[in-house]
Amino acid sequence: MFQSIGELIVLFWTTLRAFPALWRNRAKVLDQIFEIGNASLLMACILSLFIGGVLALQTGPVLVERGLGQYVGGMVGISMCKELAPVMMAILIAGRIGSAMAAEIGSMQVYQEIDALRTMNINPVHYLVLPRLVAISLVLPVLIIFSIVVGWLGGALVASFNHQISIGFQSYFANLRNLVHVRSVVGGLLKGLIFAMIIGTVSCHQGLHTLGGPRGIGRSVTKAVVNSIVLILILDYILTRLLMFAD
Amino acid sequence: MNPVPSKSEVVLQVRHLSKSFGNVHVLKDITFDVYKGEIFVIMGPSGSGKTVLLKHLIGLDKPDKGEVLVHDKPVQNPEVMEKYRLAMVFQSGALLNSLTVGENVGLYLTEHRLKTPKEIEKIISEKLEIVGLSNVQNRLPADLSGGMKKRVAIARALVIEPEFILYDEPTSELDPMIAVTIGEEIVRLRDRVGATSIVVTHDRDLAFGIADRIAVLFNGNLLFIGTPDELKQNTNPDIQKFITAEFRFNKKNAA
């Protein structure tokens, strides 16, 4: 385990040091952005709509019962931007994109494509890891913003149309505006950026260290997703504590 | 038989190379020289350590002991790759499946920005023509046959304008006619671009057909180095068994 953590840190550091090569690889970054966005936007939309809706459905009746119905908007708003959007989007991306990254790089490793790159004096970190890490770090925060907005909308729909809650759009969003500050959203985006780096590094690392044939690729994919999710949840707690201090 | 090139210039030296994976000793104290412009074939049965040796020659693996020197410099030295240019044709071709044939062949030039896109396009066509392929630039590697993949891999190696070309089992999985074509291609390329060729194979016909010198590897030990004629006359029982092995299956007895 400690060896893997060490390798992850070394890979991340090597990728950071490769940043001067980013401009030369901009076409690959754009390709990756398109692929990640294309693969996750619809899922993100559905997931966020229902998370916002469920939040309103679970908390709305309880708050209304205690005469606090007007706080449903703020409740959904804060939960979405501080916690649920960053974590759920990160888990979605780990499953959807991290697995694809590990599988693609893993199969390149198994079928000697990465060795072929090395023999052409092409650094696999520059060619494969850097564009993916940059793309995922740019896309995840954007997806989080998208998820926050759709989640708020999902909450508003349920709050408005559920007969146990019946809070109008206007009062829902008025309360949301009062309680949700820009720094709450920025905190969520910061979490997202860090989660993206974790997913990118873990997935590329697993891909590059794939051994054996198709079974090895499968093992790498599973490890990439599981390790990413575990690290996301551990870091989520640590980052939440740190952001609380900053507040 | 091909003329043996001048032995005056040693371009690649392998010195006391040893490699183990766990308790398995794959290479044991291997030492030999390769001369400029020769076709040097490394032969041996499956599992004898040929591919591992080849990976050491191009710097993909690090030895436990010993060293590989290219023009007296360690092969791991980044200057060696840039200055002397070593290219490798992998057993599977190792073409990047996400790129077209043209993109694969031009990858080295594109990534290192050595030419303009138009010049790269021209070079790609030239190199593919050298290996007898045309109108395949826009096809994906998955659409090619095994022999075509190998030829594309050779074209990709040629783009580097290498001083050394290393071939890993260039005729494996190919039918005899394509195997002969690939063998002829290796000789033609050596004559045309003057590159030193190191070929790893267990194909006896290919080895005797193209080699200037042959090294025989057996269980990680270097048993023999010499010309094909010298190899045929060698009396080592392991070598004789390997180079004379043939089917002696008696159908009547089996029935």
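The values are calculated or read from the model by the stated rules, or taken from the named source; none is laboratory data. If you're wondering where the values come from, they're calculated on a predicted model, not measured in any experiment. Cβ: placed from backbone, ideal geometry, glycine included. Neighbour counts: every protein chain shown. Accessible surface is based on the protein model in full, side chains and every heavy atom, while ligands, DNA and RNA are left aside. Shrake-Rupley method; radii C 1.70, N 1.55, O 1.52, S 1.80 Å.
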Every residue from segment A:55-96 that is touching a residue at least 24 places away in the same chain (Cβ under 8 Å) and among the β-branched types (V, I, T): A:V64, A:V72, A:V76, A:I78, A:V87, A:I91, A:I93
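Is it fair to say A:I93 is buried (at least 21 other Cβ atoms within 10 Å of the Cβ) and within 12 Å of chain B (Cβ to nearest Cβ)?
Working: buried (at least 21 other Cβ atoms within 10 Å of the Cβ): yes; within 12 Å of chain B (Cβ to nearest Cβ): no.
Judged against the criteria, A:I93 is not a match.
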Number of the exception - A:Y127 against (1) away from every other protein chain (no Cβ under 14 Å); (2) open to solvent by 10 Å² or more (accessible area, probe 1.4 Å): (1)
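Which members of segment A:139-165 meet the condition of being part of a loop (DSSP other than H, G, I, E, B) and surrounded by fewer than 18 Cβ atoms within 10 Å (Cβ to Cβ)?
Keep residues of segment A:139-165 that are part of a loop (DSSP other than H, G, I, E, B), which gives A:162-165.
Of everything in segment A:139-165, those that are part of a loop (DSSP other than H, G, I, E, B) and surrounded by fewer than 18 Cβ atoms within 10 Å (Cβ to Cβ) turn out to be A:N162, A:H163, A:Q164.
Which one of these is within 24 Å of B:V11 (Cβ to Cβ), touching a helix residue (DSSP H, G or I) at 6+ places or on another chain (Cβ under 8 Å), buried (at least 18 other Cβ atoms within 10 Å of the Cβ) and not β-branched (V, I, T): B:L144, B:L231, B:L174?
Values: B:L144 fails: within 24 Å of B:V11 (Cβ to Cβ); B:L174 fails: within 24 Å of B:V11 (Cβ to Cβ).
Going through B:L144, B:L231, B:L174 in turn, just one is within 24 Å of B:V11 (Cβ to Cβ), touching a helix residue (DSSP H, G or I) at 6+ places or on another chain (Cβ under 8 Å), buried (at least 18 other Cβ atoms within 10 Å of the Cβ) and not β-branched (V, I, T): B:L231.
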Hits in segment A:1-51 - residues which are of a type in the set (S, T, N, Q) and without any contact (Cβ under 8 Å) to a residue 24 or more places away in the chain: A:Q3, A:N38
Which numbered condition A:R66 misses (of (1) closer than 21 Å to A:I229 by Cβ; (2) surrounded by fewer than 18 Cβ atoms within 10 Å (Cβ to Cβ); (3) not β-branched (V, I, T)): (1)
Candidate set from segment A:166-191 (those that are hydrophobic (A, V, I, L, M, F, W, C) and without any contact (Cβ under 8 Å) to a residue 60 or more places away in the chain); member that is surrounded by the most Cβ atoms within 10 Å (Cβ to Cβ): A:L190
Which numbered condition A:N121 misses (of (1) within 13 Å of another protein chain (Cβ to nearest Cβ); (2) in contact (Cβ under 8 Å) with a residue 12 or more places away in the chain): (2)
Any hit, segment A:218-229, residues being more than 18 Å from the chain's Cα centre (by Cα) and open to solvent by 70 Å² or more (accessible area, probe 1.4 Å): yes
Any chance B:R151 is in contact (Cβ under 8 Å) with a residue 24 or more places away in the chain, crowded, with 17+ Cβ neighbours inside 10 Å and either within 14 Å of another protein chain (Cβ to nearest Cβ) or not in a helix (DSSP H, G or I) (or both): no
Within segment B:156-171, considering residues that are more than 14 Å from the chain's Cα centre (by Cα) and open to solvent by less than 50 Å² (accessible area, probe 1.4 Å), the one farthest from the other protein chains (Cβ to nearest Cβ): B:V159
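Can you give me the number of residues within segment B:1-17 that are modelled with pLDDT under 90 and open to solvent by 60 Å² or more (accessible area, probe 1.4 Å)?
Narrowing segment B:1-17 to residues modelled with pLDDT under 90: B:1-11.
Checking which are open to solvent by 60 Å² or more (accessible area, probe 1.4 Å) leaves us with B:1, B:3-4, B:6-9.
Count: 7.
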Qualifying positions in segment A:104-118 - touching a helix residue (DSSP H, G or I) at 6+ places or on another chain (Cβ under 9 Å) and either more than 12 Å from chain B (Cβ to nearest Cβ) or open to solvent by 40 Å² or more (accessible area, probe 1.4 Å) (or both): A:E104, A:G106, A:Q109, A:R118
Single residue of A:F34, A:F50 found to be open to solvent by 10 Å² or more (accessible area, probe 1.4 Å), among the aromatic types (F, W, Y) and within 23 Å of A:L233 (Cβ to Cβ): A:F50
B:S20, sole failed condition from (1) open to solvent by less than 70 Å² (accessible area, probe 1.4 Å); (2) more than 18 Å from B:G226 (Cβ to Cβ); (3) free of Cβ contacts under 8 Å to residues at least 24 places away in the same chain: (3)
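Yes or no, residue by residue, for (1) crowded, with 20+ Cβ neighbours inside 10 Å; (2) at the interface with chain A (Cβ under 10 Å from one of its Cβ atoms); (3) under 21 Å from A:I114 (Cβ atoms):
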residue: B:G66; (1), (2), (3): no, no, no
residue: B:L69; (1), (2), (3): no, no, no
residue: B:D72; (1), (2), (3): no, no, no
residue: B:P78; (1), (2), (3): no, yes, yes
residue: B:A94; (1), (2), (3): yes, yes, yes
residue: B:S98; (1), (2), (3): no, yes, yes
residue: B:V105; (1), (2), (3): yes, no, yes
residue: B:E121; (1), (2), (3): no, no, no
residue: B:S125; (1), (2), (3): no, no, no
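Could you pull out the residue among A:S203, A:S184, A:S171, A:S166 that is closer than 20 Å to A:Y71 by Cβ, in contact with a Lys or Arg (Cβ under 9 Å, 6 or more places away or on another chain), among the polar types (S, T, N, Q) and away from every other protein chain (no Cβ under 14 Å)?
Only one candidate qualifies: A:S184.
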